[in-house]
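The values are calculated or read from the model by the stated rules, or taken from the named source; none is laboratory data. The shown structure was predicted, so the numbers you read here are calculated from the model rather than taken from an experiment. Every residue, glycine among them, receives a Cβ derived from its backbone with ideal geometry; neighbour counts consider all protein chains shown.
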Amino acid sequence: MLDRSQESPPRPSDPPPRSRTAFGAIRTLRLLLLGTILAPLVLGGIAAYVSYRDNEDRAADTLSEAVAVAEENTTKILDTHVLVAARIDDLLSGLSDAEIHARERALHDRIAQQIADLPQVAAAWVIGADGHELVSARVYPVNRELDQSRREDFQTLQNTGVRTLVQAVRARSLDDGGFRSYFTVSRRRQAPDGTFRGIVVVAVSGTYFASFYNSLLAGSPQYTATVIREDGTVLARFPADSPRPSPIEQDLLAAAIAAKAKSGNIESGSPLDDDGRLVAYRRLADYPVYVTIGRSRPAILGDWLHSLIGYVVVGVPAWIGLIVLSLVALRRTRREQQALAQARDAIAQRAAVEARLNQAQKLEAVGLLTAGIAHDFNNELTIISGNVLMLQSGSEQLDTRWQRILDAAIAGCERAAVLTRRLLSFTRHEPVDPRPVDANEVIRAVLDLPWQSSDQFATRFLLADGLWPVFVDPNQLGNALLNLALNARDAMAHGGTLTVETANRHIDDTATLNRLALPAGDYVVIRVTDTGSGMPSDIIDKVFDPFFTTKEPGKGTGLGLSQVRGFITRFGGRCTIDSELGRGTTVRLFLPRHFAMPAGDGEVGVRRYPVDETAEP
């Protein structure tokens, strides 16, 4: 059986290669499109990151400026309250507790007068060494039964060398009786010899601080402010209902306080985390107190995104426009290249048609010339053969030598008649007798021919079982196979193998059909392969031309392969040849499958294909 996978249909001339310039233009446009997409994304990402970092830096600078203002104001408030406490201490200097009790009314009035012009001072009072209140600026008379010796500021100032202490308290207001937040500045009273004599307490109004920080932070919920002691005690928080710092923020601030840092910034969380904050802190110059101003990082991120709206509104449409323009340019270039490719294909097809037309015209001219010569030659041959036959009919009186001469003349006339028929067959002037034929039987009949008797080469026949019938003239098919066999024998002068194979093949692949110039359908394929000398590629396209031969002068007429192709083409098939110098030659014959059709009156008819009398040989 013939391996269908080894069948290779004829290859037309390759189409003209695509222009490198066109390919380069498309590749450039593709790179441009890719750059148009990626470059703005990369550059925009870098610019967005830089912009965000700049936005954070500006936010940090704003917080640093705000915390500097808060530190300055808080320091002034504390200085004022320390000064008030010092004046009260000076007012009571040299007076014993009994003398203070005796002069309580006058002292009450004088202390009240000192804080009358200071709205931030909520109250001021003096506690004696025994922990009982001596005099107050807001209350007269004081409650001497109330023991205040357990107060934090009293115990701290009594037992340590600290002279001033700031702390936060929550106490009942003297105005409306409600509890409010305060923080107090307490000053140690001591005798000239350093003996502890009690404390002076000045209470700072929480509402005063709240109004100041609200003004400083513009009442924005994005900001928070705290006043905190070095030991971590929170003296005040604004807004009062703001969430407590996260543990990470507390740890970072505690580390900064432990390191005795004067000022700085800390970051906690991420811009996408609600707990993320950016905090600026600053230590008061003369007090163990820190002021912090913080802002949520999501708020900073929101400001940054808001600042990008203008760039996005302008940049994104421009970016999309560039992408669309690049796509349009790429699509237009592709269309132009497709149009150019189609034009090149059309030019190539036209050139091929013109070449076939020129070849057909040449063959027609050769055919007409050959037919004329063959007819004239046949007429002269008829006269010669008739006269020779007349001589032979009266040859009883001739001797044996003349009889042999006449027999040789008659044999020569017969050979000349065969040559005439071959010429007429080549020019298609000889009638044909097509009928359904089993190609395998024709090939088997060729086995008995004397050309295969040589012992210099071997023959191998791989004939497919169940081979489809074909509708041809069996004599012409035999002559075609004989021509191919003789050519193969001549090509294997030093020995080799001739292989004849047959196979059924259904062809419906578009590319294959275009190469073969055949309609889709079923075909019988006959492949004749030799292992002879082969042919160079530059003459393969010429071997089917009439009178072209690669044999030595006197050893070939050049009509063998042209007759084979003419016969195959006449019956609707195609003939192809592949050869490689030094590796042999393969000739393939493609003949359409013949389908039998029922005829009337119980006879079996055949589907007859019209003989193509105009096909190119």
Inset, instruction - Determine whether region 428-438 contains at least one residue that is more than 27 Å from HIS594 (Cα to Cα) and either surrounded by 14 or more Cβ atoms within 10 Å (Cβ to Cβ) or modelled with pLDDT of 85 or more (or both). - result: no
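Looking at ASP61, ASP89, which one is surrounded by 13 or more Cβ atoms within 10 Å (Cβ to Cβ), of a type outside the set (Gly, Ala, Ser) and assigned by TED's automatic domain parsing to the domain that holds VAL166? Talk me through it step by step, then tell me what you get.
On the way: ASP61 fails: surrounded by 13 or more Cβ atoms within 10 Å (Cβ to Cβ).
Exactly one of ASP61, ASP89 is surrounded by 13 or more Cβ atoms within 10 Å (Cβ to Cβ), of a type outside the set (Gly, Ala, Ser) and assigned by TED's automatic domain parsing to the domain that holds VAL166, namely ASP89.
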Inset, instruction - Evaluate region 68-80: report whether one residue or more is surrounded by fewer than 17 Cβ atoms within 10 Å (Cβ to Cβ) and in contact with a Ser or Thr (Cβ under 9 Å, 6 or more places away or on another chain). - result: yes
Inset, instruction - Spot the failing condition for GLY302; the list is (1) surrounded by fewer than 18 Cβ atoms within 10 Å (Cβ to Cβ); (2) more than 42 Å from the chain's Cα centre (by Cα); (3) without any contact (Cβ under 8 Å) to a residue 24 or more places away in the chain, and only one is missed. - result: (2)
Legend entry - Filtered residue count, region 158-215, keeping only those that are touching a Leu at 6+ places or on another chain (Cβ under 6 Å) and modelled with pLDDT under 80: 2
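Take ARG244 and tell me if it is surrounded by 14 or more Cβ atoms within 10 Å (Cβ to Cβ), in the same structural domain as SER149 (by TED's automatic domain parsing), on the phi < 0 side of the Ramachandran plot and not polar (S, T, N, Q).
Numbers: surrounded by 14 or more Cβ atoms within 10 Å (Cβ to Cβ): no; in the same structural domain as SER149 (by TED's automatic domain parsing): yes; on the phi < 0 side of the Ramachandran plot: yes; not polar (S, T, N, Q): yes.
Taking the combined requirement at face value, the residue does not satisfy it.
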Inset, instruction - Could you grab the pairs with beta carbons closer than 9 Å, sequence gap of 6+ or different chains, first residue in region 268-279 and of a type in the set (Asp, Glu), second one part of a strand (DSSP E or B)? - result: ASP274/SER296; ASP275/SER268; ASP275/SER296
Inset, instruction - Among the residues of region 467-506, write down those that are in a loop (DSSP other than H, G, I, E, B) and touching a helix residue (DSSP H, G or I) at 6+ places or on another chain (Cβ under 6 Å). - result: LEU467
Inset, instruction - Could you please tell me which pairs satisfy a Cβ distance under 6 Å, a separation of 6+ or placement on different chains, a first residue in region 518-530 that is under 9 Å from VAL587 (Cβ atoms), and a second residue that is basic (Lys, Arg) and buried (at least 17 other Cβ atoms within 10 Å of the Cβ)? - result: ARG527/ARG588
Inset, instruction - Note down all Cβ pairs under 6 Å where the first residue falls in region 327-348 and is of a type in the set (S, T, N, Q), the second is assigned to a helix (DSSP H, G or I), and they're at least six residues apart or on different chains. - result: THR333/ALA25; THR333/ILE26; THR333/LEU29; GLN337/ALA22
Inset, instruction - From ALA318, ALA352, grab the single residue that is among the small types (Gly, Ala, Ser), under 31 Å from the mean Cα position of the chain (by Cα) and loosely packed, with under 15 Cβ neighbours inside 10 Å. - result: ALA318
Inset, instruction - Return the pairs, sorted by first residue and then second, in which the second residue is surrounded by fewer than 18 Cβ atoms within 10 Å (Cβ to Cβ) and among the aliphatic types (A, V, I, L, M), the first residue lies in region 128-139 and is closer than 10 Å to PHE154 by Cα and outside the structural domain of VAL200 (by TED's automatic domain parsing), the beta carbons are less than 7 Å apart, and the residues are 6+ apart or on different chains. - result: none
